[in-house]
1. Hey, among the residues in segment 141-155 that are among the aliphatic types (A, V, I, L, M) and surrounded by 23 or more Cβ atoms within 10 Å (Cβ to Cβ), which one's nearest to A24 (Cα to Cα)?
2. Spot the failing condition for S194; the list is (1) at pLDDT 90 or above; (2) outside any helix (DSSP H, G or I), and only one is missed.
3. I need a count of the residues in segment 116-140 that are within 14 Å of D174 (Cα to Cα), surrounded by fewer than 21 Cβ atoms within 10 Å (Cβ to Cβ) and more than 11 Å from the chain's Cα centre (by Cα).
4. So in segment 1-59, with the set limited to residues that are assigned to a helix (DSSP H, G or I) and of a type in the set (D, E), which one is farthest from F74 (Cα to Cα)?
5. R29 fails exactly one of the following numbered conditions: (1) closer than 23 Å to A127 by Cβ; (2) without any contact (Cβ under 8 Å) to a residue 24 or more places away in the chain; (3) among the charged types (D, E, K, R). What is the number of that condition?
6. Could you name every one of the strands (runs of 3 or more DSSP E) located completely within segment 86-125 that has at least 1 residues being among the small types (G, A, S) and free of Cβ contacts under 8 Å to residues at least 24 places away in the same chain?
7. Of the residues E183, E98, E113, which is among the charged types (D, E, K, R), modelled with pLDDT of 90 or more and either more than 21 Å from R16 (Cα to Cα) or surrounded by 14 or more Cβ atoms within 10 Å (Cβ to Cβ) (or both)?
8. Select from segment 49-61 the residues that are at pLDDT 95 or above and more than 12 Å from the chain's Cα centre (by Cα) and list them in ascending order.
Amino acid sequence: MADQKQRLRKAMRHCRSALPQERAAALSRLIQTSALTLPCYRSAGAVLLYAAVGNEVATNLIFDDAVRGGRCVFFPVPDPAAGILYFRSARSPGELGEGAFGIPQPRGGDRFEPGRADAVLFVPGLAFGRQGQRLGRGGGFYDRFLASTGPAVTAVGLAYSFQVLDRIPQDPWDRRLDYVVTECAVLDAANPGS
């Protein structure tokens, strides 16, 4: 299973990095615009985002919309030594600095409490399945975070349509997402045929 995942990660990284930046920006705008219409986003008081790196789907439009709407916005802060991910608040891109793994993260801010029930989590990934499967970078940080929140947090993957595959290798500890949003569709993991 680990070898399958590593091969798929390598192939998907290559595909994503081959996407021209202008095309990635245009697709990111479409994906984010669609994500802004999700009922789970519209009703969320807390929005957990990621700062895109390496041609990941951008989150800047969601960030701007959430801040304008007076919502609490949080970004991930990985703790590699403990193998965990927690989230801290940020009100502007200027509050983010380079963190672990070269990923921008808040320099301070309030810590998100996983028991909070009005939150939506936007998740990056390399590949996604129609039933909410996700293949990340391989550290398991998001899987452990989702395990700590249970169903209280709605998890939404943001992906280019070529990242959605019919089959994603899964281990028992891999957590599924509630939705996957691409430039072409919103995939509801609970109703994969819809």
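The values are calculated or read from the model by the stated rules, or taken from the named source; none is laboratory data. In this text, all values refer to a predicted model and were calculated from it rather than measured experimentally. Here the Cβ is made from the backbone with ideal geometry for all residues, glycine too, and neighbour counts use every protein chain on show.
1. A155
2. Failed condition: (1).
3. The qualifying residues number 5.
4. If we take residues in segment 1-59 being assigned to a helix (DSSP H, G or I) and of a type in the set (D, E), then D3 is farthest from F74 (Cα to Cα).
5. (2)
6. Numbers: elements: 96-98, 104-106, 119-123.
Strands (runs of 3 or more DSSP E) meeting the threshold: 96-98.
7. Unique residue meeting the criteria: E183.
8. Of everything in segment 49-61, those that are at pLDDT 95 or above and more than 12 Å from the chain's Cα centre (by Cα) turn out to be N60, L61.
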